[in-house]
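J.: Have a look at this one before I ask anything.
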Amino acid sequence: MKKLLLFSALGLLAAQGVSADDAASKYSKNLDYLPLSISQNGKYAGSQDMQGIALWDLETNEIVASVYVDEESEVYTIGIGNFVNDLGQFTGSNSYGSTDEACVYKDGKWTVICSESERRTSSGNGITNDGKRICGYAASGDLLTTVRPVYWDLEADGSWSIHDLPYPEKDFSGQPIQNCTAMCISNDGKTILGQVVAGNGMNVLPVLFTCDDNGEWSYKVLGEEYANPNNVQFPPYPTEPDPTEYMTADEKAAYDEALAEWRKNPLGGSRPQPEDYIKDAEKLAAYNAAMEDYNKKLDAYNKVFYEVQDASMSFCQGQMLLSKDGLLAVGTVENFDAETWEVSYDIVRWVTHDLTKAVYKDVTTATCVLNDGTILAGDSPDQQTMAPQEAYILQKDATEFISLNDYVKARDTEAYDFLAANFTHKYLEDFGDDGSIISKEVLALGIPLMSEDHSVLTGSIYNLWVDAYLDPDNYEPTEDDQCMTVGYVLHMPADNSGVQGVAVEDNSKLPVEFYTIDGLRVNKPAAGQLLIRRQGSDVSKVIVK
């Protein structure tokens, strides 16, 4: 993340292409805009842009807080999770380094909720709607890179108390884990979703924390079947002998001093070897025998481990989602084909109370999950192929994702026209037999987020346009070309079918309409056609029978 000083709110609005005096338009295009989280009510989004990090009021399309720096130029970053709530409060950390302090932004200022002296490094990741509980991580032990899941509660006197969450000390293979974090929190503060990184550093799995009626927390690691698909039994992971147990007090002191000196500049010389400090022949022989036994056990363990690793899959780092009611947990599995070097993604959803699992194959990275079961997803940027970042949506009760373009077009043609005019670009599709470039125009909506009632849709794409390369004679530079990211905010009619406890119109009594993928009305659908079917608020992609 680049550490650039944030401009004033007025100056940054100008940089975004939005005037401070302008009222919010129904559809807005924002330059250098990268929303990472949206509040449940759709009023606020946390945005990362070229100038830093800002809190956007999506109703007025104005920046209401420059949260990257404070008046004393202290640097702040935003957490990974549902870090913004309906009150416009943020959680994250300061310093952005090995000694971060977890913080919350509220009432126009940052407040440290976990000091460095307490936990050395920490960060808030998710915050409840009432702002009274925050989940995140704090340092575990002496290593700054090893973190554990925690949560903080706001006390009556305005202070914050820290609480540890239980977490697995070993991974699916029996190795000590690298770290475990808490990322997203439900509005009642009793369900938290995080991730655990295996000891090998390559496998990331979701971990679900739940609090019972007695206030007792428990955890469940999800998706271990992806890390160990054949359920192979591992031999015990061996413990390496401690060489200092074979040393005298003076030998240990000399060894520790040499290690401390070496750690000041690890590349400046060889690491001190225990054998050089154990002077007693019998103790040295015992240490060498213990190391030999350890290496044999480690070789046996590694043989099994590498066999499992060939078939193993991992969830995407930092891509864990939890619905605001805490009932749905979502993660994205990364599938890597070693032969073709191609990567594909599956989205996995669990119902948290009984861990019923649903898998959506070959989709892309999940970006947002709502209480009604709606899931949004978007392609990650690919700077090698310059492929378009297309976006998708799984609607309530649906079994397949459809293009977000189709969803918007079926709900609001004016919104679709706005997107088509601003986010359609040429992309490289293939090369002809004669080496000529074959391009196509694609409306790409990138990384989408949505309010709980579906009335606010925001998102962004990384600016990887290749129009200039594909069609240089007809290419005219635009303001977009100076931006790293380009975003959008759409205000559409609320979809009350996604809100619990609200009466819903009976769609079954409404007429059925069909549209082509391009949005053209079809009066007489033919068998075999792939069409968009709309009946009231229900929209789905179907093949006519």
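J.: Can you pull out the residues in region 222-273 that are charged (D, E, K, R), over 23 Å from Tyr294 (Cβ atoms) and open to solvent by less than 100 Å² (accessible area, probe 1.4 Å)?
T.: Glu224, Glu225
J.: Hand me the list of strands (runs of 3 or more DSSP E) wholly inside region 455-526 holding 2 or more residues that are in contact with a Leu (Cβ under 7 Å, 6 or more places away or on another chain), of a type outside the set (Lys, Arg) and modelled with pLDDT of 70 or more. Let's see the steps before the verdict.
T.: On the way: elements: 456-462, 485-491, 512-515.
It comes to 456-462, 485-491.
J.: Report every pair of residues separated by at least 6 positions or lying on different chains whose Cβ atoms are under 8 Å apart, first residue within region 233-250 and more than 24 Å from Lys303 (Cα to Cα), second of a type in the set (Gly, Ala, Ser).
T.: Listed by first residue and then by second, the contacts come to Tyr246/Ala286.
J.: With respect to Lys3, determine if the residue is open to solvent by 40 Å² or more (accessible area, probe 1.4 Å), under 25 Å from the mean Cα position of the chain (by Cα) and modelled with pLDDT of 85 or more.
T.: Details: open to solvent by 40 Å² or more (accessible area, probe 1.4 Å): yes; under 25 Å from the mean Cα position of the chain (by Cα): yes; modelled with pLDDT of 85 or more: no.
For Lys3, the condition - open to solvent by 40 Å² or more (accessible area, probe 1.4 Å), under 25 Å from the mean Cα position of the chain (by Cα) and modelled with pLDDT of 85 or more - is not met.
J.: State which residue is nearest to Asp325 (Cα to Cα) when the search covers only region 420-454 and only residues that are within 21 Å of the chain's Cα centre (by Cα) and not in a strand (DSSP E or B). Walk me through it before giving the result.
T.: The first filter runs over region 420-454 and keeps only residues within 21 Å of the chain's Cα centre (by Cα), leaving 444-452, 454.
In the following step, the residues that additionally are not in a strand (DSSP E or B) were identified as 444-446, 451-452, 454.
Details: Ala444: 30, Leu445: 27, Gly446: 26, Ser451: 14, Glu452: 11, His454: 16 Å.
Checking each candidate, the answer is Glu452.
J.: Let me ask something else about it. I need the strands (runs of 3 or more DSSP E) fully contained in region 295-366, keeping only those with at least 1 residues that are in contact with a Cys (Cβ under 6 Å, 6 or more places away or on another chain). Lay out the reasoning, then the answer.
T.: Details: elements: 314-322, 328-336, 343-351, 356-360.
By residue number, 314-322, 328-336.
J.: Looking at region 244-290, which of its residues are of a type in the set (Ser, Thr, Tyr) and assigned to a helix (DSSP H, G or I)?
T.: Quick first cut of region 244-290, residues of a type in the set (Ser, Thr, Tyr) only: 244, 246, 248, 255, 270, 277, 287.
Within region 244-290, Thr244, Tyr246, Tyr255, Tyr287 qualify.
J.: For region 157-191, what are the residues that are of a type in the set (A, V, I, L, M) and either open to solvent by 10 Å² or more (accessible area, probe 1.4 Å) or within 12 Å of Val221 (Cα to Cα) (or both)? Show your work before the answer.
T.: The first filter runs over region 157-191 and keeps only residues of a type in the set (A, V, I, L, M), leaving 162, 165, 177, 182-183, 185.
If the condition is that a residue be of a type in the set (A, V, I, L, M) and either open to solvent by 10 Å² or more (accessible area, probe 1.4 Å) or within 12 Å of Val221 (Cα to Cα) (or both), then Ile162, Ile177 are the ones that fit.
J.: Restricting the search to region 54-64, which residues are at pLDDT below 80 and surrounded by 24 or more Cβ atoms within 10 Å (Cβ to Cβ)? I'd like the intermediate steps shown before the answer.
T.: First pass over region 54-64, keeping only residues at pLDDT below 80: 54, 64.
Passing the criteria: only Ala54.
J.: Is there any pair linking a residue in region 157-179 that is in a strand (DSSP E or B) and of a type in the set (A, V, I, L, M) to one that is at pLDDT below 90 and open to solvent by less than 50 Å² (accessible area, probe 1.4 Å), with Cβ under 9 Å and at least six apart or on different chains, and which?
T.: Listed by first residue and then by second, the contacts come to Ile162/Cys114; Ile162/Ser122.
J.: Let me ask something else. For region 403-457, give me each residue that is among the basic types (Lys, Arg), buried (at least 19 other Cβ atoms within 10 Å of the Cβ) and closer than 30 Å to Asp372 by Cα. Give the derivation first.
T.: Here is the first cut: in region 403-457, the residues among the basic types (Lys, Arg) are 409, 411, 426, 440.
Then drop every residue that is not buried (at least 19 other Cβ atoms within 10 Å of the Cβ), which leaves 409, 426.
Correct list: Lys409 only.
J.: Just a yes or no: is a residue in region 225-243 assigned to a strand (DSSP E or B) and modelled with pLDDT of 90 or more? Even if it seems obvious, please write down each step before you answer.
T.: Of the residues in region 225-243, the ones assigned to a strand (DSSP E or B) are none.
No, region 225-243 contains no residue that is assigned to a strand (DSSP E or B) and modelled with pLDDT of 90 or more.
J.: Exactly one of (1) in contact with a Ser or Thr (Cβ under 6 Å, 6 or more places away or on another chain); (2) modelled with pLDDT under 95 is unmet by Ala311. Its number?
T.: Of (1) in contact with a Ser or Thr (Cβ under 6 Å, 6 or more places away or on another chain); (2) modelled with pLDDT under 95, only one is false for Ala311: (1).
J.: I would also like to ask the following. If you take the residues of region 276-328 that are touching a strand residue (DSSP E or B) at 6+ places or on another chain (Cβ under 7 Å) and within 21 Å of Gly199 (Cβ to Cβ), which of them is surrounded by the most Cβ atoms within 10 Å (Cβ to Cβ)?
T.: Applying the filter and picking the extreme gives Met320.
The values are calculated or read from the model by the stated rules, or taken from the named source; none is laboratory data. The shown structure was predicted, so the numbers you read here are calculated from the model rather than taken from an experiment. Because the Cβ atoms are built from the backbone with ideal geometry, glycine has one as well, and the counts that use them run over all protein chains shown. Side chains are part of the model used for accessible areas, which takes the heavy atoms of the whole protein and leaves out ligands, DNA and RNA. Shrake-Rupley method; radii C 1.70, N 1.55, O 1.52, S 1.80 Å.
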